[in-house]
1. Measure out, as a whole number of angstrom, how far apart the alpha-carbon centroids of the range 149-163 and the range 183-250 sit.
2. In whole Å, how far is the Cα centre of the range 260-305 from that of the range 394-429?
3. For Ile181 and Val394, FRET efficiency with R0 = 22 Å and r from the beta-carbon atoms, rounded to 0.05?
4. Just from the alpha-carbon atoms, what are the Rg and Dmax of the range 16-426 in angstroms?
5. Apply the membrane-span-like helix rule to the chain: whole DSSP H runs, Cα extent along the own long axis of at least 30 Å, mean Kyte-Doolittle hydropathy at least 1.0. List the helices found.
6. Separation of the range 69-113 and the range 336-359 by C-alpha centroid, Å?
7. What is the order of Tyr375, Tyr270, fewest Cβ neighbours within 10 Å to most?
8. Using helices alone, I'd like the mean residue ellipticity at 222 nm for the chain: each DSSP H run of four-plus residues gives -39500 (n - 2.57), total over residue count, nearest 500.
Amino acid sequence: MSIEVASMQKKGLSLHGLGVICGLTAGIWLGAAEAPTKLVMAGYSPFAISLCMVAGVFTARWTFPTLLKGTGYVFADLGERKHLIVWALLAGALWAVANTLTVFAIREVGLAVAFPLWNMNSLIGLIWGRVLFCELKGASAKNIGKVVAGAVCIVIAAVMLGVSTQGGGTATGHSAVSGFIAALGASLLWGTMYVPYRKAYLSGMNPLSFVTVFTVGELGTVLALTLALDGGWHSSAFQLLHVHSAVFWLFLGGFMWVIGDLFQQFATKYLGIGRGIPLSNTNQLWGLAWGALVFGELATADPAHEALVVAGSIVMILGALAISTAVASERELSSTNEAVQRECRRYGLDSGRTMASMDGDESLGRGAGRRWWDYAILVTATGTFVWLGVRAVVPPLGMNVRWIGVLSAVLLLSLLAGTCSLWKRTRFS
């Protein structure tokens, strides 16, 4: 505890405050990233949509770690914690299956119903965090109440917001049962996916290193699912990859998802699963904002549904506020330190350096500088997006340009706040 207090006095922003900023920023970006999935209604298979989005995710996930730290740093970090590589691959595989299930769910029951169902992953993650990593152990009854009540409020609010959009003419698919099962399956897989996250960060791994391996697992899994279940090499996914006017938007969705997920990773590191994931699940509120304000999904809603939107938004804000104010006590931090020491003993890690990493203070100095291939990666990724962008065509959807500008400004402001906070407090460690 004394280490963290000294660090707080030195650097200003507490780790809890940093985690809250990252969690809320994640919610803003993850909510905006859902809009491109509307293309699933254009007749493309869920596998095609998922593969194209994950291709964009893969491109962006390699770009950001290279930009911020360089590949030398990333591979040195992975080399010190080789046991976590398999965990990162597993997390990527879980994400890929869950993401594919969400596309099925959207097609069958609509985004409004599917979104709140899979957002129950925060409750699943809360349980895993307590059982496996002693999260909330030693916390005061008040803090436990805040975290649990906040997570439940966010799930309830997600349901309210989902129901509210039914008045806006949200389409539903032909098989509601399979849609519900797909959404719940995604919730279970995403809730479990946070176990490797937390295990990695208790071992001192940088989130930027973790996601570099994570993306290999997700791309490989989506490709395998496509080949096995969607017609092999004749899948519409490979045909869609040649439709440059559509692929750009899916790549853009994957790009935005990566930004949100990176902030979610940092929130998980500094807040834990129980606090970080519910905060990032405020993406439901931002997803609704894009749907209602940009795409006019609530244009024909009646007063009852509009009241649900207001009430659901208030409940979600209150839930996020409750979690944000549940600052870990000294006893709870001691339980977290015990979990860190357990990982260090199990895998032979340096406990001092691992504890410093948990505090956002890395004094390793490894992988300094950039190699020529770092710049090649950045140029290739940027060139890919530019090449797709100049060939893109605006989808034939009614959109409010003014609200696109407003919400895009919110995205940029949140990115600036989150990036500056991470840089000043941890140098992206």
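1. The two parts, judged by their Cα centres, are 26 Å apart.
2. 13 Å
3. On the way: r = 34 Å, r/R0 = 1.56.
Efficiency, rounded to the nearest 0.05: 0.05.
4. 20.6, 61
5. Numbers: long enough: 46-68 (33 Å, 1.33); 83-109 (40 Å, 1.49); 141-164 (33 Å, 1.78); 176-202 (40 Å, 0.87); 207-229 (32 Å, 1.71); 244-271 (40 Å, 0.86); 303-324 (31 Å, 1.71); 401-426 (37 Å, 1.17).
Span-like helices, by this rule, are 46-68, 83-109, 141-164, 207-229, 303-324, 401-426.
6. Computed from Cα coordinates, the inter-centre distance equals 24 Å.
7. Working: Tyr375 13, Tyr270 27.
If I rank by nearby Cβ atoms, fewest first, I get Tyr375, Tyr270.
8. Values: 19 runs with 324 residues, N = 429.
After summing the helix terms and dividing by the residues of the chain, the value is -25500 deg cm²/dmol.
No lab work stands behind these numbers, since they all come straight from the coordinates. Note that the coordinates shown come from a computational prediction; the quantities given were computed from them, not determined experimentally. In this analysis, Cβ positions are derived from the backbone assuming ideal geometry, glycine residues included, and neighbour counts consider all displayed protein chains.
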